[in-house]
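The values are calculated or read from the model by the stated rules, or taken from the named source; none is laboratory data. Since this is a predicted model, take the numbers as computed values, not measurements. Cβ placement follows ideal geometry from the backbone for every residue including glycine, while neighbour counts extend to all protein chains displayed.
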Amino acid sequence: MTPSFPLPSGRLALCPSVLSADFTCLKGSLARVSGNSDWMHVDVMDGRFVPNISFGPVIVPAVLRAGGLPADSHLMVENPAMFIAPFAKAGASLITIHAEARGAAACLRQIKALGLKAGMSLRPKTPLSRALPYLRQLDLLLIMTVEPGFGGQAFMADMLPKVRAARAAIVKAGRPVWLQVDGGINADTAAAAVAAGADALVIGSALFSARNPAAMLKGLRKI
């Protein structure tokens, strides 16, 4: 059974990026972070939309078994329509597509028709205005604070005005839409993202390389 995806509640959501987990022992790596997290973030890359290749749908059941948390499949792919049904069947609770990808409007309808939550992501160079026409269809809006494709990059502080504008747009829309930030999140940059209006953070390299990931997550809860 696919775990239900939470609604925004005013509580900060912490979302470990599976891309940064230890794949020599995925179950143990995810178990170290799942107890203090809200959902798992699965970065799906096709080597065309971004210059890297990552996971197919088979990763989702493994993530669900290892962490027991809902999975957000972030489709960083050129043609997301090809991937939506397979990832839905695999057990994703939310599927995030890119505004820059092919057929974004039709993809959102496809996700909703499958009974899943729908997200939209924006690359750093893409203006917020690209996503605003879809806001009433979204359950999550993701602002990338690195250029997507690889983990471990530095946080782009010049994206914070976009985060603030996105929060204002969500408030104006009056809908329960998560505002997620992904890229270069650590103990320092998390505070800046939350201050700008983010209520969901994707955490990758900084979390899985931490000596005590559970303690790091507990610290982030205090923001």
Review point. Residue check: is Ser17 surrounded by 17 or more Cβ atoms within 10 Å (Cβ to Cβ), in contact with a Gly (Cβ under 7 Å, 6 or more places away or on another chain), closer than 20 Å to Lys218 by Cβ and at pLDDT below 95?
Key: no
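Output the number of residues of segment 81-123 satisfying the condition of being assigned to a loop (DSSP other than H, G, I, E, B), within 19 Å of Gly47 (Cα to Cα) and either in contact with a helix residue (DSSP H, G or I) (Cβ under 6 Å, 6 or more places away or on another chain) or of a type in the set (Ser, Thr, Tyr) (or both).
The total comes to 2.
From the list Val50, Val60, Val77, which residue is out of contact with any Cys (no Cβ under 6 Å at 6 or more places or on another chain), buried (at least 20 other Cβ atoms within 10 Å of the Cβ) and either touching a residue at least 40 places away in the same chain (Cβ under 8 Å) or aromatic (Phe, Trp, Tyr) (or both)? If you could, list the steps in order and put the result at the bottom.
On the way: Val60 fails: either touching a residue at least 40 places away in the same chain (Cβ under 8 Å) or aromatic (Phe, Trp, Tyr) (or both); Val77 fails: either touching a residue at least 40 places away in the same chain (Cβ under 8 Å) or aromatic (Phe, Trp, Tyr) (or both).
So the residue among Val50, Val60, Val77 that is out of contact with any Cys (no Cβ under 6 Å at 6 or more places or on another chain), buried (at least 20 other Cβ atoms within 10 Å of the Cβ) and either touching a residue at least 40 places away in the same chain (Cβ under 8 Å) or aromatic (Phe, Trp, Tyr) (or both) is Val50.
Kindly evaluate Pro70 against the criterion of being under 17 Å from the mean Cα position of the chain (by Cα) and either of a type outside the set (Val, Ile, Thr) or over 23 Å from Leu141 (Cβ atoms) (or both). Quick ask: steps written out before the conclusion?
Values: under 17 Å from the mean Cα position of the chain (by Cα): yes; either of a type outside the set (Val, Ile, Thr) or over 23 Å from Leu141 (Cβ atoms) (or both): yes.
In short, yes.
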Point to revise | Among (1) of a type outside the set (Lys, Arg); (2) part of a strand (DSSP E or B); (3) touching a Phe, Trp or Tyr at 6+ places or on another chain (Cβ under 7 Å) - the single one Glu78 does not satisfy | key: (2)
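For segment 80-100, which residues satisfy the criterion of being of a type in the set (A, V, I, L, M) and either surrounded by fewer than 20 Cβ atoms within 10 Å (Cβ to Cβ) or over 25 Å from Leu201 (Cα atoms) (or both)? Spell out the reasoning first.
Restricting attention to segment 80-100, the residues satisfying the condition of being of a type in the set (A, V, I, L, M) are 81-82, 84-85, 88, 90, 92, 94-95, 97, 99.
Within segment 80-100, Ala81, Met82, Ala85 meet the criteria.
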